[in-house]
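Remarks on the structure that follows.
Rule-based calculations on the coordinates, nothing more; no lab input. Note that the structure is a prediction, hence the values are computed from the model and not measured. Cβ sites come from the backbone with ideal geometry, for glycine too, and all protein chains shown count toward neighbours.
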């Protein structure tokens, strides 16, 4: 469903990026159908990466991007790093079949199935058709995540840890969204942050702590933990 939108008349700065309240000249060349349920806003020098200022919303049919997924994510990350004060408002069109396929490939094929009992192997057997159907549901706004299966996992202290098992397609969509958001917010993390970051693990954090202890000559380490931190949230 198409809708009209308006932006303020302005110009690009010397670097090619738009400032708040301005419109890049490139916007006049962009079709109103750009993106999947995209928020049509003010275009910057890398409009393909979906970086816009906050304006009125516009909707249109999905246009597959010819740009490879890694390059798209790299462009988004570069824009997030170079223009931290600007807002991403048109990322939905990046959730195309190629992005969903990359998200699917990054999943652990041996994880337990969710409420749909669908496995990674069974989904892969008809991958192209399955991803096209999933993408159509996202575009048509008919996709809805199924309920998450709850399992209680025994802990070493005799207690039970609750664990949620989402359906496979829910994992695919969540991973694809995470890849987009990760490209943006990775630029804001400090170098000493290791939790839930790509390419980093608790082992890297422990190594950094050890190196710091050796360098500073410290002899004591205080370890703190919050009891059942994730259980209320899950």
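Computed packing ranks the peptides 125-136, 149-160 as 125-136, 149-160, most packed first, by mean other Cβ atoms within 10 Å. Note on segment 97-216: Cα-Cα pairs beyond 24 Å make up 46% of the total pair count. Segment residue 226..residue 148, full-extension length gain: 25.6 nm, with 0.36 nm per residue of separation and the alpha-carbon distance subtracted.
The modelled label-to-label distance between residue 157 and residue 192, using points 7 Å beyond Cα along the C-beta direction, is 2.8 nm. The distance from the alpha carbon centre of segment 165-234 to that of segment 59-138 is 23 Å, rounded to a whole number. Taking all C-alpha pairs of segment 179-234, those more than 19 Å from each other amount to 51 percent.
As a proxy for reagent exposure, ranking 85, 188, 96 by other Cβ atoms within 10 Å from fewest up yields 85, 188, 96. Translational diffusion of segment 125-195, estimated by Stokes-Einstein from the Kirkwood radius over alpha carbon pairs at 37 °C in a medium of 0.692 mPa s, is 214 µm² per second.
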